Amino acid sequence: MREDARNAANNVNEQRLWQRHAEMAQLGAIPGNGVNRAALSKEDIAARKLLLSWAAKRNYSISADGIGNLFLRRAGTDANATPIMTGSHMDSQPRGGRFDGIYGVLAGFEALEAMDEAGVVTRRPIEVVAWTNEEGGRFAPCTMGSMVFTGARPLADVLDVTDNEGIKLKDALADTLAATPQVAKHDFKSPAAGYIEAHIEQGPLLENARKTIGVVTGIQGLRWFNVEVSGKTDHAGTTPLALRKDAVRDSIAIINALTELTHDPKDVTRFTVGRMLVTPNSPNSVASHVLFSVDIRHPEPQTIARLGDAVEPLARKAAKFCEVKVTPTLHDDPCVFDANVADAVEAAAKTLNLPHMRLSSGASHDAMYMARICPTAMIFVPCEKGISHNEAENATPGDLAAGARVLTAALIELANR
Ligand code: GLV
Ligand code: MN
Ligand code: MN
C-alpha cells in the first residue's frame, strides 16, 4: 500500500465517526433507538444542514443537482481529472436504524477529513455524495437519486410521484433545495472515474464468519410493481357476496398467487408486499380500492426476468371481481461490480490486516446505478445479527471505523490512478 494511503487510513477517527452517527440519529429519532428520516422531509433537510455545517469547516466545494443529490468535493492536484466518488444516502426507512445509508456518507466524509489531517494530496478530486431518496419508503421507487443522476430515468418522470399523504415529490424537492440556497448547481451525469460505497451489510454473513470487511462483488436483481385493485364499496352487513366487488378479497387472491409463484425451496427468491393502502379503510365497508407494492429479488438474471414478467398476467388471472392495474416502478437487473475496484478494496483490507471476505449484496444500493457509468464496488461492515430496516439495527464503532479506513485507503489508491 502507498505510504500516504496508510497514513490517511490511520488518521480515521473512530470516536468522531461514532459521534457523528449519534448526532445524525437525533434527526428523526424514534423510540427503540431508531430513525425515521424520510426523503425530502424536514428531518432530511436537517441532516443535510448538519452535514453542510461540518463541510463548511473544511475547504470542500459543495453542490447539489436537480434531484437534490448533495456533492462535497475535495480538490485533487489535476484540475482536469474526473473525480473518484464515494457516499450513500441520508434518508431512512419509516422504522429504520441509525446506520443504513448514513454510514456511507459519514465514512466518506471521515475519509476526506483523515486525508486532510494526514496532509495527503491526490491527483483526482474525491467527491462524497449523499444520494436523495435511496429508500423509496416515502416516494417510490428506491435508489431514485442515483437513477436520475446517472440518466437511467429522467427527472421529469419522478416529479409527480406522491407520498401516502398525496404530497408530490416536486414540492418536497423544491422545499428541500430552497432550504440550502448557498449550495452551487451540479449537473446530472457529471463524469466519475470510480465509485466506492460503504454500507452496513444488512445481513448476517460477515458476523457469522467473523469478518470485519465485506468486499462486495455485486447486487441481486430487483423488480418493483404497484398493483391497483378497483372494485366497489358496499355495506359490510347487508351486501351479499355475489354482489360485491371487494378489492381486499381480490388483493389477497393476487398475493397468494404471487406467493406461490415465488415459492423457492432454496430460499433464494425474495418476495415482499410491504405497502398497502385500502380505501375507504373502514371495518364495516367493503373495500373499493387497494394499492399494494410488490418487491421481488433474485441474483440470477433469467429468474428475476421470469418472475417479474409473470406478475401482471398472474394478478389479472387471480382477481375474480375487480379491475386490476399493474404498473412496473423499478426494474434492476443483477449487477456485477468492477474487478479492479473490488481488488483495490480487498488489497486495502489485506494491508490493514482486517479479516475480510467477498460477498454479494441482497439489498439494493445506489452503487447499482453508479456501476452503469463508472467502475464501482462496495465495502460492507457487519451489523448485529444482520438486522436492518428495523430500529434495532446496530453496528460497533470499531467496525465502522475499520470500514472507513479501508475506504480511505482504496479511495487514495484509485484517486492516483
Ligand atoms: C434498499 O433499502 C433496499 O430495499 O434494498
Ligand atoms: Mn441503504
Ligand atoms: Mn435501506
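The values are calculated or read from the model by the stated rules, or taken from the named source; none is laboratory data. The structure presented is a predicted model; accordingly, all values stated were derived computationally and were not measured. Because the Cβ atoms are built from the backbone with ideal geometry, glycine has one as well, and the counts that use them run over all protein chains shown. Only protein heavy atoms, including side chains, enter the accessible area calculation; ligands, DNA and RNA are left aside. Shrake-Rupley method; radii C 1.70, N 1.55, O 1.52, S 1.80 Å.
Side notes on the structure shown:
- Sum of side-chain charges, Asn13 neighbourhood, beta-carbon under 13 Å (Lys, Arg +1; Asp, Glu -1): -2
- Förster-model FRET efficiency, 41 Å R0, Ala242 and Asp157, C-beta, rounded to 0.05: 0.45
- Accessible-area ranking of Trp18, Trp54, largest first, probe 1.4 Å: Trp18, Trp54
- Met357 exposes around 50 Å² of accessible area when a 1.4 Å probe is run over every protein chain in place.
- Computed from the C-beta positions of Arg123 and Asn353 and an R0 of 41 Å, the FRET efficiency is 0.95 to the nearest 0.05.
- When shorter helices are ignored and each DSSP H run of at least 4 residues is given -39500 (n - 2.57), the per-residue value for the chain at 222 nm works out to -10500 deg cm²/dmol.
- Computed from the Cβ-Cβ distance with R0 of 35 Å, the FRET efficiency linking Asn281 to Ala178 stands at 0.55.
- Bridge orientation summary for the chain: considering DSSP beta bridges with both residues in this region, about 70 percent are antiparallel.
- Here the spin labels are modelled as points 7 Å beyond Cα on the Cα-Cβ line, and at Glu300 and Arg316 they lie 2.7 nm apart.
- Translational diffusion of the range 273-376, µm² s⁻¹ [Kirkwood Rh, Cα pairs; Stokes-Einstein; 25 °C; 0.890 mPa s]: 139 µm²/s
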